[in-house]
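Beneath this line is the structure, given in structure tokens, with notes to follow.
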Amino acid sequence: MVSTVFDNFTAPPSSKLLGWRLLDARPKDGWIRIGFDGKRDFCNPAGFVQGGILSAMLDDTMGPAVFVMTEGKLYTATITMTVNFLSPARPGPITGEANVTQLGKTVAFVEGRLMAKDGTVLATASTSARLVETAKAIAPSASSLPAALPA
């Protein structure tokens with residue numbers, strides 16, 4: 001894997017809760033792969049990872065795609081996010097992938113998906129996100145916040 005802005009980045013509590021870890025990235029392409037832990041604590045009564053948790057994982061994949069593409073210069077504030085749930089997510093490892101489809105001056109468009117360990121696509125999403133200079137979006141004492149947290 002290439003060196004990225006996340007090499008010396010401390011994940012915030014929400015990302016740690018999800019088990020967020022960078023698996024791979026192609027910063028110049030605006031592509032990223034993130035690993036998550038589909039914990040039993042995240043399951044609904046049917047025994048599947050709850051949809052809101054999957055949405056958080058998607059959000060925490062798509063924002064970092066912009067962050068890594070801009071070498072940490074731009075932070076994303078989610079404007080809209082559309083999620084499509086395709087298959088029940090059983091507890092276990094979940095992988096997120098995202099690709100920046102368009103990076104404008106003030107808005108980015110990103111597509112993402114979550115997959116189970118066997119490659120089954122669990123959910124897909126698209127987002128539009130406002131771009132903010134990271135230095136203006138994140139207080140110095142909170143410099144470990146990820147790019148995916150909505151404003």
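Of note:
- A98 being of a type outside the set (V, I, T), surrounded by 13 or more Cβ atoms within 10 Å (Cβ to Cβ) and part of a strand (DSSP E or B): yes
- Residues (within 24 Å of K28 (Cβ to Cβ) and in contact with a helix residue (DSSP H, G or I) (Cβ under 8 Å, 6 or more places away or on another chain)) located in the range 84-112: G96, E97, A98, N99, V100, L103, A108, V110, E111, G112
- Matching residues, the range 6-32, being among the hydrophobic types (A, V, I, L, M, F, W, C), outside any strand (DSSP E or B) and under 26 Å from G51 (Cα atoms): A11, L17, L18, W20
Read-outs throughout are calculated quantities, based only on the coordinates presented, and are distinct from any laboratory measurement. Being a predicted model, the structure only gives us computed values, none of them experimental. Here the Cβ is made from the backbone with ideal geometry for all residues, glycine too, and neighbour counts use every protein chain on show.
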